[in-house]
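Here's the structure, in structure tokens; my notes come after.
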């Protein structure tokens with residue numbers, strides 16, 4: 001007598017074969033679309049860099065506009081360019097997870113909540129007529145629910161903000177998620193990071209609104225309504241990356257010596 005078609009053995013066999021077939025299909029699709037996925041990732045990165053720097057233009061392709069930007073790898077400890085690292089292949093987020101390529105931060109150092117900081121970071125420079133025009137820096141730090149990843153663009157004085165934008169976060173929509181609101185992002189251009197020749201960042205996101213008549217208004221940005229912890233996180237991540245542990249040595253070098 002033949003075994004029943006709905007026996008446990010046959011059911012498990014069919015389920016196993018189905019899993020194998022699905023795994024092969026998924027794996028094959030991942031391989032086939034890997035190049036396209038990487039191309040989309042690169043396009044998104046370029047778009048966000050251009051947006052932070054105020055360089056996006058309707059009717060022009062992202063690649064065409066990005067051609068004016070020159071990436072360089074910087075040694076965060078010395079502020080010098082790291083010529084031995086390939087700027088096209090270096091991944092600073094991956095390096096941040098590698099103990100040989102990063103440093104663990106103490107609680108007092110880690111105001112941005114990133115735990116480890118890579119030794120080298122990629123900066124993006126725009127030059128006009130042979131002179132530095134703007135600097136775009138990658139920044140990241142913890143908000144309320146997530147690590148916010150973005151870019152901060154500065155003018156050639158390495159002090160005046162052109163723009164700040166985040167391309168990845170999981171903050172609360174309508175509250176901390178308002179970091180994506182164009183009206184809030186429009187508050188950043190023209191703000192100053194440092195007071196005088198100090199290497200200590202003075203810029204901060206405050207609770208409530210900034211009094212435009214205050215003497216220090218140029219260093220302050222309105223907080224996000226109902227999102228105190230996200231606002232504080234943005235303030236801390238900007239201060240960290242503009243400080244001595246971040247791009248401070250590099251920016252100080254530019255202010256004194258140029259590119």
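The single condition among (1) more than 26 Å from residue 115 (Cα to Cα); (2) touching a helix residue (DSSP H, G or I) at 6+ places or on another chain (Cβ under 9 Å); (3) at pLDDT 95 or above that residue 195 does not meet is (3).
Considering 210, 179, the condition of being free of Cβ contacts under 8 Å to residues at least 40 places away in the same chain and in contact with a strand residue (DSSP E or B) (Cβ under 8 Å, 6 or more places away or on another chain) is satisfied by 210 alone. On inspection, residue 4 qualifies as outside any helix (DSSP H, G or I) and either surrounded by 10 or more Cβ atoms within 10 Å (Cβ to Cβ) or modelled with pLDDT under 80 (or both). Entry remark, the stretch 145-170: residues being surrounded by 19 or more Cβ atoms within 10 Å (Cβ to Cβ) and either within 17 Å of residue 254 (Cα to Cα) or more than 15 Å from the chain's Cα centre (by Cα) (or both) number 8 in total.
Rundown of residues vs (1) over 16 Å from residue 45 (Cα atoms); (2) buried (at least 19 other Cβ atoms within 10 Å of the Cβ), yes/no style:
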site: 84; (1), (2): yes, no
site: 91; (1), (2): no, no
site: 100; (1), (2): yes, no
site: 123; (1), (2): no, yes
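Which condition does residue 196 not pass, out of (1) in a loop (DSSP other than H, G, I, E, B); (2) at negative phi, if it passes all the others? Exception for residue 196: condition (2). The lone criterion from (1) without any contact (Cβ under 8 Å) to a residue 60 or more places away in the chain; (2) in contact with a helix residue (DSSP H, G or I) (Cβ under 8 Å, 6 or more places away or on another chain); (3) within 21 Å of residue 52 (Cβ to Cβ); (4) outside any strand (DSSP E or B) left unmet by residue 188 is number (2).
The values are calculated or read from the model by the stated rules, or taken from the named source; none is laboratory data. These figures come from a predicted structure and were not determined experimentally. For neighbour counting, all protein chains shown are included, and Cβ atoms are generated from backbone atoms with ideal geometry for every residue, glycine included.
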